[in-house]
Amino acid sequence: MELTDLTLHELRGLLAEKKVSSTELTKIFLERIAAVNSKVNAFIKVVEEEALQAAAKADQRLQTGDTAPLTGIPLALKDIFITEGIETTCASKILSGFIPPYDGTAVNRLKKQDAVILGKLNMDEFAMGSSNENSAFGAVKNPWNPACVAGGSSGGSAACVAARMAAATLGTDTGGSIRQPASHCGVVGLKPTYGRVSRYGVIAFASSLDQVGPLTRDVEDCAIMLQAVAGYDPLDSTSIDTPVPDYPAGIKKGVKGLKIGRPKEYFIEGLDPDVASTIDRAIATYRELGAEIVDVSLPHTDYAIACYYLIATAEASSNLARYDGVRFGQRVNPGEGLIEMYRQSRAAGFGPEVKRRIMLGTYALSSGYYDAYYLKAQKVRTLIRQDLNNAFEEVDVLLTPVAPSPAFRIGEKAADPLQMYLSDIFTISVNLAGTCGLSLPCGQSQEGLPIGLQLIGKPFAEETLLRTGYAFEQATDWHLKKAPL
Amino acid sequence: MKITRNEVEYVAGLARLSLQEDEIDALTSDMDAILAYVEKLNELETHDIIPTAHAVPVENAFREDKVRPSLGTAKALQNAPESENGCFRVPKVIE
């Protein structure tokens, strides 16, 4: 057993007992990155010097005993989190060379605990994608099978944890971007309730949907990571000022008497048979654990993708207007005036999927089409939210697959954007409704690829999701499986 | 056809994107397929439905108007492609 195989909470125990120092641990993870990153392409940037400095500082703090849960723990961040003094690109050419002058709130909170940041992780450009193929730094490969995608957009964050290159990572989830790669890579991923974690210092994709969350080895680690970043932040006016429970303390309460809803619209024709049978087994496990399984209906599920791809692209087209070659990012100036400078800088800097979404969003917001597309989508968003609200009057948690199939082959869906969008069918409603969703490993396909289970909770019911997930882990061993790298 | 080549070129102008001929072709067919797909929203009667802009109700978030340290000119300009006299420098706007 290598130290990199231990969970965050196990490493924390070793650090507290002084069986290992943060500096030793950091070096071991840096060696692991050097040995396996070339096989998965999860890291865009490794910051060895800064990491060792942070580890030395953590070791001093560990000596005093006045520690925080993440003191000395080696972590890594999706390259969407701006980091003071460390290049942050969002996997886009347009931000190549961008050195943020400050840290965002989530990063600040990790640093206050003296966590060690090992580097920045690959992702779909501006978080737009479901496979991590849309990166200026190349696709992330699935640690379970390098011919397959890692999922996206937080593919680097999921592959990094699966390949044991950091104890845990942070990602962001706009339509499934934490949960889907977590499922494809066999790790735990949580998309918290909208407003639970500050978005300050997170490069914006679709502001009414984006949310920060952890990707970890197990549910207990997930609770520790959420605890570190959750809570109100005056610098994000959409963060919600509601008390943060003690997440790790609540995970062991069990699921006896818990009502788990099984939405019939999520068990559709076309669902991969391995996924279907794996989810059925998970439902049986919950029954044995004393939960009550209730059939529910979310009648507008089939409209979620259409709704999402209008709202998300509209918001993206507005958010990405800031990349114009003036204040930061790459400038291409052919010497034909300001407007041509904008047009050429954006043409050279953005990849094809980002351009496609900017175009779609600009169209949906343009004069004459606003009511037909954007306003219509916002109204359907209300219906999708109501579906979930209605279901939560009957049940505590919903249980669904995370994705309709295990990880697909690299290149398989790259030529057809609509087919790629359809792979988000089971994760998108959570973002539209602004609530929380947890993805955890619950099985493997016949090919040996991980399959994930999604638990959806009421707004701010992360505690319920975590204890429901923890109960499953205690009864099974899927979270202990290691990718054969 | 949901969208024509001319409309794609018009939208590219609004989005300040310079596109190559082959990009315009690809975007016309991609956007056409996606717009045909999103048509399905029209199956739903939504006349009396209130639109959702934000899933979690947030009122205007006010704060006290207090002076606090800001980024400062040097840091704000550190990533600028071109700057001069503490300002961002851009190509000529008015001929």
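Which residue, B:Asn42, B:Asn85, B:Asn60, has the most motion in a Gaussian network model of chain B that connects Cα atoms within less than 10 Å?
In this elastic network of chain B, the residue with the biggest mean-square fluctuation among B:Asn42, B:Asn85, B:Asn60 is B:Asn85.
What pairs in A:Lys355/B:Lys92; A:Lys259/A:Lys481; A:Lys379/A:Lys458; B:Lys2/B:Lys40; A:Lys141/A:Lys413 have C-alpha atoms more than 19 Å from each other?
A:Lys355/B:Lys92; A:Lys259/A:Lys481; A:Lys379/A:Lys458, as the Cα separations exceed 19 Å there.
Which trypsin sites (Lys or Arg not before Pro) in region A:1-51 sit in a loop by DSSP (not H, G, I, E or B) and have at most 15 other Cβ atoms within 10 Å of their own Cβ?
The qualifying sites are A:Lys18, A:Lys19.
Just checking the output field for A:348-358: average partner chain Cβ neighbours within 10 Å of each residue's Cβ?
3
Could you work out, residue by residue across A:362-370, how many beta carbons of other chains sit within 10 Å of that residue's beta carbon, and then give the average as an integer?
Per residue, the number of nearby Cβ atoms from other chains is 4 on average.
Which order, highest average first, do A:168-180, B:44-56, A:206-218 follow once you tally other Cβ atoms within 10 Å for each residue and take the mean per peptide?
A:168-180, A:206-218, B:44-56
Return the FRET efficiency for the residue pair A:Ala415, B:Asp32: r is the Cβ-Cβ distance, R0 is 22 Å, and the value is rounded to the nearest 0.05. Write down the numbers at each step before the final one.
Values: r = 15 Å, r/R0 = 0.70.
Plugging the Cβ-Cβ distance into 1/(1 + (r/R0)^6) gives 0.90.
Using alpha carbons only, how many degrees (0 to 90, rounded to 10) separate the axis of helix B:21-38 from the longest principal axis of chain B?
70
Once the Cβ-Cβ distance between A:Glu336 and B:Glu64 is put in as r, and R0 is 45 Å, what FRET efficiency do you end up with, to the nearest 0.05?
0.45
Show me the ranking of peptides A:412-418, A:262-268, A:118-124, A:448-454 by mean Cβ neighbours inside 10 Å, starting with the highest.
Details: A:412-418: 15.7, A:262-268: 17.3, A:118-124: 30.3, A:448-454: 25.3.
Taking the mean over residues of other Cβ atoms within 10 Å, the ranking is A:118-124, A:448-454, A:262-268, A:412-418.
What does the highest-first list of A:364-373, A:94-103, A:425-434, B:64-73 look like by mean Cβ count within 10 Å?
Most protected by this proxy first, the peptides run A:425-434, A:94-103, A:364-373, B:64-73.
With each pseudo-label sitting 7 Å past Cα toward Cβ, what's the B:Asn42-B:Arg89 distance in nm, one decimal?
Using points 7 Å along Cα→Cβ, the separation is 5.2 nm.
Modelled label-to-label distance, A:Ser237 and A:Tyr102, 7 Å Cα→beta-carbon offset: nm?
1.5
Pull out the extension gain between A:Ala34 and A:Gln60, defined as 0.36 nm times the separation in residues minus the alpha carbon to alpha carbon distance; nm, one decimal.
Taking 0.36 nm per residue and subtracting the Cα distance, the gain is 6.7 nm.
Between A:Glu17 and A:Glu393, what FRET efficiency comes out of the Förster formula 1/(1 + (r/R0)^6) with R0 = 56 Å and r the beta carbon distance, rounded to 0.05?
Efficiency for this residue pair is about 0.75.
Distance between the C-alpha centers of region A:96-148 and region A:408-485? Whole Å please.
A separation of 19 Å, based on Cα centres.
Please list, in chain and number order, the residues 5+ apart from A:Ala168 or on another chain whose amide H is under 5 Å from its amide H, with Hs placed from the backbone.
Those lying under 5 Å, H to H, from A:Ala168 are A:Ala76.
Just to be sure I understand the rule: take each whole DSSP H helix in chain A, project its Cα atoms onto its long axis, keep it if the span is 15 Å or more and its mean Kyte-Doolittle hydropathy is at least -0.5. Which ones pass? Could you put the intermediate results ahead of the total?
Numbers: long enough: A:22-40 (26 Å, 0.29); A:48-64 (25 Å, -1.00); A:219-229 (16 Å, 1.29); A:273-288 (23 Å, -0.38); A:304-319 (22 Å, 0.78); A:338-349 (16 Å, -0.39); A:352-365 (20 Å, -0.03); A:376-394 (28 Å, -1.02); A:462-475 (20 Å, -0.54).
Counting only whole DSSP H runs, the qualifying helices are A:22-40, A:219-229, A:273-288, A:304-319, A:338-349, A:352-365.
At 7 Å along the Cα-to-beta-carbon direction for both A:Asp302 and B:Met1, put a label point, then send me their distance in nm to one decimal.
The modelled label-to-label distance comes out at 3.0 nm.
Search the structure for amide H atoms under 5 Å from the amide H of A:Tyr200, placed 1.01 Å from N in the peptide plane, and list their residues when 5 or more places away or on another chain.
A:Thr105
Throughout, read-outs are computed from the coordinates displayed, never taken from laboratory work. It should be emphasised that the depicted structure is a prediction, and the values quoted were computed from it without experimental measurement. Every residue, glycine as well, gets a Cβ built from its backbone with ideal geometry; the counts of neighbours run over all protein chains shown.
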